[in-house]
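Inspection log for the structure reproduced underneath, given as structure tokens.
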Amino acid sequence: MSSTGTPARSSWSGKWAFILAAAASAVGLGNMWRFPYLAAKYGGGTFLLTYLVLVFTFGVSLLLLETALGRTTGQSAIGAFKQFGKKYAFIGVLASAVPFIITPYYCIIGGWVTKYAAAYLINGPEALADGGDFFTGFITSNTESFLWMLLFMAIVFIVVSLGVKGGIEKANLIMMPTLIVMAIAIAVYTLTQPGAIDGALYYLVPDFSKFSPELVIGALGQMFYSLSLAMGIMITYGSYLDRKSSLTQSVTRIGCFDVGVSFLAGLMIVPAAFVAMGSGDAVAGAAGPSLMFITLPGVFAGMGDAAVVVGFVFFLLVLFAALTSAISLTETCVSIIQDGAGWSRKKALGTVIGVVVVAGIFVNLGYNGLSFIEPLGAGTTLLDFFDFFSNSVLMPIVALLTCVFIGWIVKPSLIVKEVKLSSSFKAEKVWTVMIKYIAPVLVVVILVAYVAAQFG
Ligand code: PFF
């Protein structure tokens, strides 16, 4: 993404720069932290299968739509929709609200990851493997969790203010493959633990009695979140892409890469949770945002002398994945304000920092001073609420509006033409049916079924 924010379109140095930047934005806490706990919570294999089907039908189609829309209009979200008439700008405005909701709480989790990387060196692996007391004590502490959140935010803001290009993109080239190798190694180790094979079966084999509207809406929200969809970012990324790069090939690669990392993270964490808790039902009952911070340290602690190194390197790599995504989220917020208000980059960044810090403090208070607010039922927090509201409510609505807009108002031929500028489009018919009919109906059915289940 352009870090200069000037109205002139800068462009990627090539197809791979685009794929890498999109993958760096996509692969983050959503893969390492969010996907495994959702898979654990929603019955393992059933969730995995639903997720895969959604990504390779709806997800990749929307990814193609967004990047092509960006490339053809040469604009970021609000401008892209506005180009077809002022009255459509609201879709871009709704999409733009998403990164503002996600960034503050993303930085809170980023702070947890930073703390854990440091804690392997300071407190040692045993201290972290105490069944959750360390984690609970930390996130409910009054000042400590704030400070780690602020530290994470400081790194993000410094990088964004310096410009993202060079360093981060190059570092990605090393960190992403290392993360994958580590994830494979840890998954293999986990699977050799007694009882882990049952956990792997729970994760891999669908049990259709576990199917529910909540599961599908959870998988759908996760798909948007993980692929960085329905929040305008891929429109912006597409607007920097030259007309030579094949869109179909790029989006397929991004989808495969993102799913691959999530799959591995699940294989690493879900069987480990199974070993710790003994049954699928126990895992489903206990799974939540804390899974990565409680279950994995338990696995690492069993690795003897290697535990410090493995724990530290693992959380360092997750930290890196989280940073690149948080940087891309913050960049998005900055460019929205710049484009929308016509402010300088400095003023826009200052405003984003102010908003994110204040909102972050507020959401973090949900674990201590404001823990009496349980927005989604007993035991839930403000963080759960913002996560749910952005991913499972706002993003499906934005995706629905985008599909209806392109499918019925602008007409899909605009996107088809753009795609064909750089490659053949064998799936043209399937894609068109997807955007015009299947995707909108699917989102409406899921949302209605979900609301009905809440009141039923
Ligand atoms: N896709 C990221 C993840 O899975 O962690 C989250 C994210 C990053 C969403 C950047 C949006 C974005 F612009």
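The values are calculated or read from the model by the stated rules, or taken from the named source; none is laboratory data. As the structure is a computational prediction, the values presented were derived from the model and not from experiment. Don't worry about glycine lacking a Cβ; one is built from the backbone with ideal geometry, like all the others, and counts go over all protein chains shown.
Below, the figures for the structure above:
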| quantity | calculated |
| --- | --- |
| Within the stretch 175-218, considering residues that are among the hydroxyl-bearing types (Ser, Thr, Tyr) and surrounded by fewer than 20 Cβ atoms within 10 Å (Cβ to Cβ), the one farthest from Ala326 (Cα to Cα) | Ser209 |
| Flag if Phe263 is touching a residue at least 40 places away in the same chain (Cβ under 8 Å) and away from the ligand (no atom under 16 Å from the Cβ) | no |
| In the stretch 10-31, residue farthest from Asp207 (Cα to Cα) [restricted to those that are assigned to a loop (DSSP other than H, G, I, E, B) and away from the ligand (no atom under 12 Å from the Cβ)] | Ser10 |
| Helices (runs of 4 or more DSSP H) contained in the stretch 145-256 and holding at least 2 residues in contact with a Phe, Trp or Tyr (Cβ under 8 Å, 6 or more places away or on another chain) | 165-191, 196-204, 213-226 |
| Any hit, the stretch 32-41, residues being more than 16 Å from the ligand (Cβ to nearest atom), at pLDDT 75 or above and more than 21 Å from Arg345 (Cα to Cα) | yes |
| Total residues in the stretch 41-95, condition over 25 Å from Lys244 (Cβ atoms) and assigned to a helix (DSSP H, G or I) | 28 |
| For Phe47: the one exception among (1) within 13 Å of the ligand (Cβ to nearest atom); (2) modelled with pLDDT of 85 or more | (1) |
| Some residue of the stretch 134-142 being touching a Gly at 6+ places or on another chain (Cβ under 9 Å) and modelled with pLDDT of 85 or more | no |
| Enumeration of residues in the stretch 420-456 that are loosely packed, with under 15 Cβ neighbours inside 10 Å and aromatic (Phe, Trp, Tyr) | Tyr437, Phe455 |
| Conditions (1) of a type outside the set (Lys, Arg); (2) more than 23 Å from the chain's Cα centre (by Cα); (3) within 30 Å of Ile186 (Cα to Cα); number of the one not met by Ser371 | (3) |
| In the stretch 76-95, the residues that are surrounded by fewer than 21 Cβ atoms within 10 Å (Cβ to Cβ), more than 21 Å from the chain's Cα centre (by Cα) and in contact (Cβ under 8 Å) with a residue 12 or more places away in the chain | Gly79, Phe84, Tyr88 |
| Complete set of residues in the stretch 219-244 that are more than 12 Å from the ligand (Cβ to nearest atom) and either surrounded by 22 or more Cβ atoms within 10 Å (Cβ to Cβ) or free of Cβ contacts under 8 Å to residues at least 12 places away in the same chain (or both) | Ala219, Leu220, Gly238, Ser239, Leu241 |
| Ser141, sole failed condition from (1) closer than 30 Å to Ala307 by Cα; (2) in a helix (DSSP H, G or I); (3) touching a residue at least 24 places away in the same chain (Cβ under 8 Å) | (2) |
| Every residue from the stretch 120-133 that is under 22 Å from Val309 (Cβ atoms) and in contact (Cβ under 8 Å) with a residue 12 or more places away in the chain | Tyr120, Leu121, Gly124, Pro125, Glu126, Leu128, Ala129 |
| Sole residue being buried (at least 23 other Cβ atoms within 10 Å of the Cβ), over 16 Å from the mean Cα position of the chain (by Cα) and under 14 Å from Ser290 (Cα atoms), chosen from Tyr120, Tyr116 | Tyr116 |
| Residue count for the stretch 279-297, restricted to those that are assigned to a helix (DSSP H, G or I) and farther than 23 Å from Tyr120 by Cβ | 7 |
